[in-house]
Amino acid sequence: MAGAHRWQRLIAELPDDIECRVLCPPPAYPYGEFEPSSQPIERETIEGIPVTRLWTYQPQADSRSDQSNLGRILNYIVFSVLASLYVLANFWRYDTIVTVSSPHTTFLPGAVGKLLGCSWVVDIFDLWLDNAADMGYAEPGTLAYRYIWVLEWLAITKSDAVTVITETMAQSYVEKFGVSRGRFTLVPFGVDETLFTPTPKQTDSTRVLYVGNMGDAHALRPFIKAFQHLPAEYTLEFIGDGKRRDELKTLTQELELTDRINFAGFVDRTEVAARLQRSALSVVPLQEDLQLDYARPNKLLESMAVGTPYVASRIREIRRVTEESGGGAVVSNDPEEIAATIQDLMSTPEGRENMGNSAISYIEEHHRWPLLGERVKTVLQSVS
């Protein structure tokens, strides 16, 4: 249920005797980019997999709107309720229900299925509740917070198995709920090897690339300010959007960096890969004072897959990856330290190429979809 972008790839790696179906809402993100659906149920087949889409509220404001948070909440809650009703009507068709979070509201239909006799596997790639509290979106002690906390407790303690994206995330839940580490299987995100192809040979590019959302979790301001301390030929390009885009463009204007920092908006995934391949470095900025130590972002993995070294915020999981792979550098969110690290890497093309080759090897060993599909197969067979 939900998470179709991730599970579409995992399902493709499962053996034919595991019959899979996907239950998800109509596409809505980026907000305002999709025509809203009014159909209560829509069915289609994607790459041989039956997909059922249940109507839910579909936000139409773009991701920079103050109203988009309320729209997301309605999107999540309505879908979880209707998905629970769907499970009540159809549970007898299925052996196992996999619920994918974030958001944690997807745990509700999973718990309903478990109560009715289905096996329940929980797949988590975001500490959604902890992050919401840190960022001020949820107030501990409120009814809504307690409701989501109970759903999370049920998922971690009462499901048949839990898959998580990083070891740091597993340890967080072990400490939070006092459960055994053995309940958790690591299934990180994979990288599409046909799209993000290795190109570790360094060019003469002086472009630094950021790919992804521009939200509260991303420490983008110090990375922009770092360019005050770098040579004029070094440029920074943002691919993506988010509610902080206007704020960051204003900062760029105030710092008189508009000729060196470009906001390109959304581009096609093939173009993302191509721009990563043509960039000297990528950046992966995350706030250090939020509970993001578990994060191993896709933007990090995709940069590693093509062999482009990264400069990333010094959070626990990224430090782990950097120590194990040698594929980039970690920094505190200090503009001068960021600038010095970028300068050091830019001045050593051979060192960047070595980093790129090490990163490619790491992705091959830990983040290819066939390997991850094999882990999921083992989990599903263990609970059936």
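The values are calculated or read from the model by the stated rules, or taken from the named source; none is laboratory data. From a predicted model like this one, the values you see are computed outputs, not experimental measurements. Every residue, glycine as well, gets a Cβ built from its backbone with ideal geometry; the counts of neighbours run over all protein chains shown. Areas reflect the complete protein model, heavy atoms only, side chains present, ligands, DNA and RNA absent. Shrake-Rupley method; radii C 1.70, N 1.55, O 1.52, S 1.80 Å.
May I ask you to rank Asp259, Asp293, Asp130 by accessible area, largest first, using a 1.4 Å probe over the protein chains only?
Largest accessible area first, the residues go Asp259, Asp293, Asp130.
On a 0 to 90 degree scale, rounded to 10, what angle separates helix 316-325 from the longest Cα axis of the chain?
It is inclined by approximately 70 degrees.
Per residue, how many Å² of accessible area does region 1-56 show with a 1.4 Å probe?
Values: 3320 Å² over 56 residues.
It amounts to 59 Å² per residue over region 1-56.
On a full-extension model of 0.36 nm per residue, what is the gain between Val267 and Trp153, subtracting their alpha-carbon distance, rounded to one decimal in nm?
Between Val267 and Trp153, full extension yields 37.2 nm more.
Report, in debye and to the nearest 20, how large the dipole of the chain comes out about its Cα centre when Lys and Arg carry +1 and Asp and Glu carry -1 on their Cβ. Walk me through the numbers on the way to the answer.
On the way: 36 positive and 51 negative charges, 169 e Å.
Roughly 820 debye, rounded to the nearest 20.
Probe radius 1.4 Å, ligands and nucleic acids ignored: give me the carbon and sulfur share of the accessible area of the chain as a rounded percent.
Summing carbon and sulfur atoms, their accessible area is 50 percent of the total for the chain.
If I take all pairs of Cα atoms in region 219-330, what percentage of them are more than 20 Å from each other?
44
Residue-wise, which Karplus ³J(HN,Hα) couplings in Hz belong to region 206-211, taking 6.51 cos²θ - 1.76 cosθ + 1.60, θ = phi - 60°, and x for glycine or proline?
Each residue's phi maps through the Karplus curve to give 10, 8, 10, 10, 10, 10 Hz.
Per residue, how much accessible surface does region 151-211 expose to a 1.4 Å probe? Answer in Å², no decimals.
Details: 2380 Å² over 61 residues.
So region 151-211 comes to 39 Å² accessible per residue, rounded to a whole number.
Roughly what angle does helix 335-346 make with the longest principal axis of the chain, taking Cα atoms, 0 to 90 degrees, to the nearest 10?
80
For region 221-313, what does the accessible surface come to per residue with a 1.4 Å probe? Please give it in Å².
37
Which value, in Å³ per residue, describes the convex hull spanned by the Cα atoms of the chain?
Per residue, the Cα convex hull of the chain comes to 136 Å³.
With r defined as the distance between the Cβ atoms of Ile49 and Glu336 and R0 fixed at 56 Å, what FRET efficiency is calculated, to the nearest 0.05?
After rounding, the FRET efficiency stands at 0.65.
For region 79-157, state what percent of all Cα-Cα pairs lands in each successive 5 Å bin, counting from 0 Å until the bin that includes the largest distance.
The calculated distribution, bin by bin, is 3, 17, 26, 23, 16, 8, 5, 2, 0.
Using a/c under 1.5 as the rounded threshold, could you call region 161-233 rounded, prolate or oblate? The axes a ≥ b ≥ c are square roots of the C-alpha gyration tensor eigenvalues, and prolate needs a/b larger than b/c, oblate otherwise.
oblate
Got a sec? Charge dipole of region 246-384, +1 on Cβ for Lys and Arg, -1 for Asp and Glu; which of Val383, Leu301, Gly327 is way out at the positive end?
Val383
With Cβ to Cβ distances under 15 Å as the rule, what net charge do the other residues near Gln228 carry (K, R +1; D, E -1)?
Details: positive: Arg221, Lys225, Arg260; negative: Glu233, Glu254, Glu256, Asp259, Asp334, Glu336, Glu337.
That sum, taken over residues with Cβ under 15 Å, equals -4.
Give me the accessible area of His366, 1.4 Å probe, in Å² rounded to the nearest 10.
Number for this one is 60 Å².
If we sort 267-276, 93-102, 299-308 on the protection proxy, mean other Cβ atoms within 10 Å, highest first, what's the order?
299-308, 93-102, 267-276
For the chain, find the longest principal axis of its Cα atoms and tell me its angle to the long axis of helix 143-158, 0 to 90°, nearest 10.
It works out to around 80 degrees.
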